[in-house]
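The values are calculated or read from the model by the stated rules, or taken from the named source; none is laboratory data. Since the structure is predicted, the reported quantities are computational estimates derived from the model, not experimental observations. Neighbour counts are summed over all protein chains in view; Cβ atoms, including those assigned to glycine, are modelled from backbone coordinates with ideal geometry. The area values use the complete protein model at the heavy-atom level, side chains included, leaving out ligands, DNA and RNA. Shrake-Rupley method; radii C 1.70, N 1.55, O 1.52, S 1.80 Å.
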Amino acid sequence: MNPVGKPGKTGSLMAVEVALARLLAMAEASPIRERERLPLAQVQGRVLADDLVSTLDLPPWPNSAMDGYALRVADWTGEPLVVSQKIFAGQAPEPLKPGTCARIFTGAPVPAGADCVEMQENTEVQADERVRFTETMTPGQNIRPQGQEATVGELILPAGARLGPIEQGLAASLGCAELNVIRKVRVAVLSTGDELIEPGQALGPGQIYNSNRVLLCSWLQRLGCEVIDAGILPDDLAATRTQLGELKDVDLILSTGGVSVGEADFLGIALREEGELTLWKLAIKPGKPLTFGHFRGVPVIGLPGNPASTLVTFALLGRPYLLRRQGVKEVEPLKFQVPAGFTWPKAGNRREYLRGRLENGRAIIYRNQSSGVLRSAAWADGLVEVLEDRTLIEGDYVSFIPLSEVLS
């Protein structure tokens with residue numbers, strides 16, 4: 001079995017890690033600082049602007065983890081105990097009378113003087129309604145102590161945390177009705193090329209339907225961005241300048257296609273003439289061409305035009321950039337090792353991200369890995385990473401990135 005291996009040599013191509021590091025550095029140089037205060041129900045998918053610090057102990061008092069009986073262990077001599085009170089969740093109990101027990105239910109406060117809760121399954125109620133305990137008990141048993149989850153002043157969620165249902169529930173448990181969040185990143189999405197038309201129109205000679213902009217607009221909305229649909233840039237330099245110039249109040253211009261250095265690369269020409277352009281030839285497949293630059297001070301990321309290339313480069317580079325602009329620290333997706341259920345006989349000088357899925361614990365790949373085949377991603381549930389200069393036989397381990405990790 002071959003080892004997982006290390007990134008190989010890439011020659012004149014830029015390694016994926018280097019490209020990502022540069023993008024994240026650029027993101028950190030222009031963070032989104034504006035914030036807004038929103039009701040807790042409206043913060044799904046947003047980024048926390050301030051540390052969430054607990055203002056109370058959680059739970060605020062010791063409570064029962066079981067339905068059963070609260071007692072003081074030292075009061076139990078083996079004889080049945082009288083039930084002196086019944087305590088439901090939401091009630092304030094009286095102090096426990098010495099030598100007695102209290103009927104108690106899950107979540108109810110433990111009365112002062114009790115140091116143990118015995119589950120009802122280990123008890124027997126006598127004819128005179130006294131309770132007999134059938135197992136040995138210890139202090140602290142089945143009691144959730146005050147402050148078990150959080151104490152006053154404790155950091156619960158750091159600024160930069162992405163807020164999902166669990167984080168919303170945690171904030172609610174601390175009594176928060178509103179949270180400060182980073183304002184939405186404003187992203188203008190455009191496509192380039194005279195060959196593109198919108199779905200619903202009749203195809204003409206040499207034309208194709210524009211899938212990339214629909215893909216990215218939907219994806220960005222799931223990431224909590226404010227999306228500005230900037231349409232299609234024609235293959236015309238003057239029109240390109242005009243349309244880019246209208247995108248002033250955005251944080252990022254995200255384009256697909258037209259990121260080569262050919263004669264029809266009007267986006268690149270506009271960036272060179274009225275801003276700056278860094279053209280990365282990445283050691284990645286699909287997606288070697290990727291542009292980062294500025295147009296009149298506005299950051300621009302130009303993704304490759306082939307649908308699978310668009311998907312891979314945005315997942316691995318564009319998405320982390322946008323999250324870091326909002327202060328998110330952990331921006332790289334989870335990946336884990338799985339055995340390959342396929343062979344890869346020819347090593348390449350670029351890192352490959354194959355559209356694949358897990359079957360019976362192994363990664364298998366779609367039959368057609370062309371960068372123009374978006375169907376491969378619809379079939380897949382993840383990206384299979386094959387490192388540079390690497391061949392594979394079935395059973396060799398590869399890294400697998402679930403699509404669920406990058407789509408939101």
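For every other residue with a beta carbon closer than 11 angstrom to the beta carbon of Ala49, add +1 if it is Lys or Arg and -1 if Asp or Glu, then tell me the sum.
Surrounding charge for Ala49 is +1.
Which Rg and Dmax, in Å, describe the Cα atoms of the stretch 15-94?
Answer for the stretch 15-94, Rg first and Dmax second: 26.3, 74 Å.
Taking every pair of distinct Cα atoms and averaging 1/r, then inverting, what Kirkwood hydrodynamic radius in Å comes out for the stretch 154-221?
Here the Kirkwood hydrodynamic radius works out to 16.0 Å.
Please compute the Kirkwood hydrodynamic radius over the stretch 1-157, one decimal place, Å, based on all pairs of different Cα atoms.
Final number for the Kirkwood radius of the stretch 1-157 is 20.5 Å.
Among Ser371, Ser64, Ser309, which one moves the most in a GNM of the chain with springs linking Cα atoms closer than 10 Å?
Ser64
Separation of the stretch 125-167 and the stretch 85-112 by C-alpha centroid, Å?
If you average the Cα positions of each part, the centres end up 15 Å apart.
Ordered by packing density, taken as the mean number of other Cβ atoms within 10 Å over each peptide's residues, highest first, how do 142-150, 106-114 rank?
Descending packing order for the listed peptides: 106-114, 142-150.
With a Cα-only, solvent-free Debye model of the chain, what are the log10 I(q)/I(0) values at q = 0.10, 0.11, 0.14 Å⁻¹?
Relative scattering, expressed as log10 I(q)/I(0), comes to -0.79, -0.87, -1.16.
Choose one of Ser12, Asn360, Pro158: the residue whose Cα lies farthest towards the positive end of the charge dipole of the chain (beta-carbon charges +1 Lys, Arg; -1 Asp, Glu; about the Cα centre).
It is Ser12, whose Cα lies furthest towards the positive end.
For the stretch 336-407, with the dipole built from +1 on Lys and Arg beta-carbon atoms and -1 on Asp and Glu ones, taken about the Cα centre, which of Phe400, Ser371, Val338 lies farthest toward the positive end?
In the stretch 336-407, that residue is Ser371.
Ignoring ligands and nucleic acids, what accessible area does Leu216 show with a 1.4 Å probe (Å², nearest 10)?
Only protein atoms counted, so the area is about 0 Å².
Label points 7 Å out from Cα along the Cβ direction at Asp50 and Asn349: separation in nm?
Each label point is offset 7 Å from its Cα along the Cβ direction, giving 5.4 nm.
At a 1.4 Å probe, what is the % contribution of carbon and sulfur to the accessible area of the chain?
Here it works out to 52 percent.
Report Rg (one decimal) and Dmax (nearest whole number) for the stretch 336-407, counting Cα atoms only, units Å.
Taking only Cα atoms of the stretch 336-407, I get Rg and Dmax of 11.3, 30 Å.
Below 26 Å, Cα to Cα, which lysines can Lys346 reach? Residues fewer than 8 away in the same chain don't count.
Lys6, Lys9, Lys281, Lys285, Lys288, Lys335
Please give the length that would be gained between Asn360 and Leu174 if that part of the chain were fully extended, namely 0.36 nm times their separation in residues minus their C-alpha to C-alpha distance (nm, one decimal).
Between Asn360 and Leu174, full extension yields 62.8 nm more.
Could you give the Stokes-Einstein D for the stretch 215-311 in µm² per second, using the C-alpha Kirkwood radius, 37 °C, 0.692 mPa s?
240 µm²/s
Return the FRET efficiency for the residue pair Glu149, Lys86: r is the Cβ-Cβ distance, R0 is 35 Å, and the value is rounded to the nearest 0.05.
Taking R0 as 35 Å, the efficiency between Glu149 and Lys86 is 0.85.
Roughly how much of Arg130 is accessible, in Å² to the nearest 10, using a 1.4 Å probe?
90 Å²
Averaged per residue, what accessible surface does the stretch 90-173 expose to a 1.4 Å probe, in Å²?
On a per-residue basis, the stretch 90-173 sits at 54 Å².
Over the Cα atoms, compute the radius of gyration (one decimal) and Dmax (the largest Cα-Cα distance, rounded to a whole number) for the stretch 63-144, in Å.
Cα radius of gyration and Dmax of the stretch 63-144 are 11.0, 31 Å respectively.
Within 15 Å, Cβ to Cβ, of Pro98, how many net charges do the neighbouring residues add up to if Lys/Arg are +1 and Asp/Glu are -1?
Net of charged neighbours comes to -2.
Taking the Cα atoms of the stretch 279-356, what is the range of coordinates along each of the three principal axes, in descending order and whole Å?
48, 26, 20
If I fit a long axis through the Cα atoms of helix 16-29 and take the longest principal axis of the Cα atoms of the chain, what angle between them do I get, 0 to 90°, rounded to 10?
80 degrees
If you take every residue apart from Gly78 with its C-beta less than 14 Å away from the C-beta of Gly78, what net charge results, scoring Lys and Arg +1 and Asp and Glu -1?
Every neighbour counted, the sum reads -3.
Rank-order 280-288, 207-215 by packing density, defined as the average count of other C-beta atoms within 10 Å over each peptide's residues, highest first.
Ranking, from highest mean packing down: 280-288, 207-215.
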